[in-house]
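Visitor: My structure is below; once you've seen it, I'll send some questions.
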Amino acid sequence: MPREIHQISSLIAGCCKNDRNSQRDLYHWLYDYAIKICYRYISKTEEAEELANESFIKLFKNINQFDGNRTGEKEALLKGWFKRIVVNTCIDHLRRTHLKLVSQEISEEGETFADNQETGIDKLMYQEIIEAITKLTPVYRTVFNLFVIEGFTHEEISAQLNISVGASKSNLSKARHNLRKIITQQSAYKVYV
């Protein structure tokens, strides 16, 4: 796996020249990284693998646009740039196939549950949480991932998914609520909502 700057630079240069060996090596190096991101958005294995591969096609097609001369570690810069490609590929796929978003504003009576502080959820293992996230509906899972994991603001989510800021907030709140229910059902932890 390439870790040294010259190895990463060499792979990028090779990919810019459409060198199949460089593309293969970069693919093998970043595949697990890409598939983990895809699984956060897509619950079906075949679909997640397809989106990871689609992301690599976009990476190789646009590798000339990668600015490796910026300040920072080249590995982190490349992974951050690729992460954005993978996330956008997943969002585009969800827009095309799964999301039937309802732009419903949060009303005072529509929001009936509060978000509690840390609970038993914090003690769960990573895999259990990811498994629970995949059980959310595509709408809730997407908003949850964008906000909690990717760090988007509600305004950014609103623009990305073409929904209102209120709908983003509502979907996040409902996703958290549903996630608590799912985790409570699949574990011995007692989580109070």
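Visitor: Tell me yes or no: at least one residue of the stretch 70-77 is in contact (Cβ under 8 Å) with a residue 12 or more places away in the chain and part of a helix (DSSP H, G or I).
Guide: Yes; the residues of the stretch 70-77 include at least one that is in contact (Cβ under 8 Å) with a residue 12 or more places away in the chain and part of a helix (DSSP H, G or I).
Every residue, every condition in (1) surrounded by fewer than 16 Cβ atoms within 10 Å (Cβ to Cβ); (2) part of a helix (DSSP H, G or I), yes or no:
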| residue | (1), (2) |
| --- | --- |
| Glu46 | yes, yes |
| Leu51 | no, yes |
| Leu59 | no, yes |
| Ile63 | no, yes |
| Asp67 | yes, no |
| Val87 | no, yes |
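Visitor: While we're looking at this one, here's another question. Looking at this structure, is Tyr31 under 18 Å from Leu94 (Cβ atoms) and hydroxyl-bearing (Ser, Thr, Tyr)? Give the derivation first.
Guide: Values: under 18 Å from Leu94 (Cβ atoms): no; hydroxyl-bearing (Ser, Thr, Tyr): yes.
Considered against the rule, which asks whether it is under 18 Å from Leu94 (Cβ atoms) and hydroxyl-bearing (Ser, Thr, Tyr), Tyr31 comes out as no.
Visitor: Could you give me the residue pairs with C-beta distances under 9 Å whose first residue belongs to the stretch 9-36 and is closer than 20 Å to Arg70 by Cα and in contact (Cβ under 8 Å) with a residue 40 or more places away in the chain, whose second residue is part of a helix (DSSP H, G or I) and among the hydrophobic types (A, V, I, L, M, F, W, C) wherever it lies, and which are 6+ apart or on separate chains?
Guide: Cβ pairs passing all conditions: Ile12/Leu26; Ile12/Ile63; Ile12/Leu78; Cys15/Leu26; Cys15/Leu59; Cys15/Phe60; Cys15/Ile63; Cys16/Ile63.
Visitor: Please work out if Gly151 is outside any helix (DSSP H, G or I) and either free of Cβ contacts under 8 Å to residues at least 60 places away in the same chain or surrounded by fewer than 20 Cβ atoms within 10 Å (Cβ to Cβ) (or both).
Guide: Yes, satisfied.
Visitor: Taking Ile129 as the residue in question, decide whether it is in a helix (DSSP H, G or I), over 15 Å from the mean Cα position of the chain (by Cα), modelled with pLDDT under 85 and closer than 23 Å to Ala48 by Cα.
Guide: Working: in a helix (DSSP H, G or I): yes; over 15 Å from the mean Cα position of the chain (by Cα): no; modelled with pLDDT under 85: yes; closer than 23 Å to Ala48 by Cα: yes.
No: the conditions fail for Ile129.
Visitor: With the checklist (1) closer than 30 Å to Leu11 by Cα; (2) modelled with pLDDT of 90 or more in hand, flag the one item Ala76 doesn't pass.
Guide: The number of the failed condition is (2).
Visitor: Could you please let me know if Asp25 is in the same structural domain as Phe60 (by TED's automatic domain parsing), over 30 Å from Ala175 (Cβ atoms), crowded, with 18+ Cβ neighbours inside 10 Å and modelled with pLDDT of 90 or more? Steps first, please.
Guide: Working: in the same structural domain as Phe60 (by TED's automatic domain parsing): yes; over 30 Å from Ala175 (Cβ atoms): yes; crowded, with 18+ Cβ neighbours inside 10 Å: yes; modelled with pLDDT of 90 or more: yes.
Yes, satisfied.
Visitor: Any residue at all in the stretch 36-44 that's crowded, with 17+ Cβ neighbours inside 10 Å, among the aliphatic types (A, V, I, L, M) and over 30 Å from Ile129 (Cβ atoms)?
Guide: Within the stretch 36-44, none of the residues are crowded, with 17+ Cβ neighbours inside 10 Å, among the aliphatic types (A, V, I, L, M) and over 30 Å from Ile129 (Cβ atoms).
The values are calculated or read from the model by the stated rules, or taken from the named source; none is laboratory data. Just so it is clear, the structure is predicted and the values come from calculations on it, not from any experiment. We place every Cβ from the backbone using ideal geometry, glycine too, and count neighbours over all the protein chains shown.
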